[in-house]
Structure formats: C-alpha cells, structure tokens
Amino acid sequence: ASYAKAKELIDIETDTGDVTGTFISDKTFIVETRTGDEVYPRGTTGGNCYIKTDTGDVYVLIEK
C-alpha cells in the first residue's frame, strides 16, 4: 500500500475508469459521475477532494 498526505486539495479525474480508495483523514468530497455509482462519506470537514469520472464508479472511504 502507498500513502500520501494532502491537506488542501486532491483532484482525481478519469473518463472511463473507476475510482477506488481509502483515505486516512477527513475530506470534503465533491463527486461527479454521469452514469456510475457513487459511494463516499458525506462530510464537510478536512481538505477538498474532487473526483470526476464520466462512466466509472466512485467508491471511497475514510479509515482512521
């Protein structure tokens, strides 16, 4: 496993791929997908994490 810290902004974008991940600190997720499923924590603390995909699914969680 690899870990990276980002306090202010994370920006993830893909056209057709899925986005999966586990974060170790709180984030405010802004998620956009046209046809994919979205599963992510709905919170308003931590730095912003923008995730965009046209046809992929988004599955992220926070594990402390």
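The values are calculated or read from the model by the stated rules, or taken from the named source; none is laboratory data. Source: prediction; values computed, not measured. With ideal geometry, Cβ positions are generated from the backbone for all residues, glycine too; neighbour counts draw on all protein chains shown. Areas reflect the complete protein model, heavy atoms only, side chains present, ligands, DNA and RNA absent. Shrake-Rupley method; radii C 1.70, N 1.55, O 1.52, S 1.80 Å.
Normalised by the number of residues in the chain, the mean separation of alpha-carbon contacts (under 8 Å, six or more apart) gives a relative contact order of 45 percent.
Between the amide H of Thr28 and those of Gly47, Asn48, Cys49, distances stay under 5 Å, these residues lying 5 or more places away or on another chain, with hydrogens modeled in the peptide plane. Taking Cα Rg over 2.2 N^0.38 Å as calculated from this structure, the corresponding entry among [x] 0.95; [y] 1.18; [z] 1.05 is [z].
Each Lys or Arg adds one and each Asp or Glu subtracts one; over the other residues with Cβ under 9 Å from the Cβ of Tyr59, this totals -4.
Residues in the chain average 71 Å² of solvent-accessible surface per residue, probe 1.4 Å, ligands and nucleic acids excluded. Ordered from largest to smallest accessible area (heavy atoms of protein chains, 1.4 Å probe), the residues Ile30, Ile62 come out as Ile30, Ile62. Between amide H atoms placed 1.01 Å from N, distances below 5 Å from Phe23 occur with Leu61, Ile62, Glu63, all of them 5 or more places distant or on a separate chain. Shown in residue order for the range 49-64 are the 3J(HN,Hα) couplings computed by the Karplus curve 6.51 cos²θ - 1.76 cosθ + 1.60 at θ = phi - 60°: 10, 8, 10, 9, 8, 6, 10, x, 8, 10, 10, 9, 8, 10, 10, 9 Hz (x for Gly and Pro).
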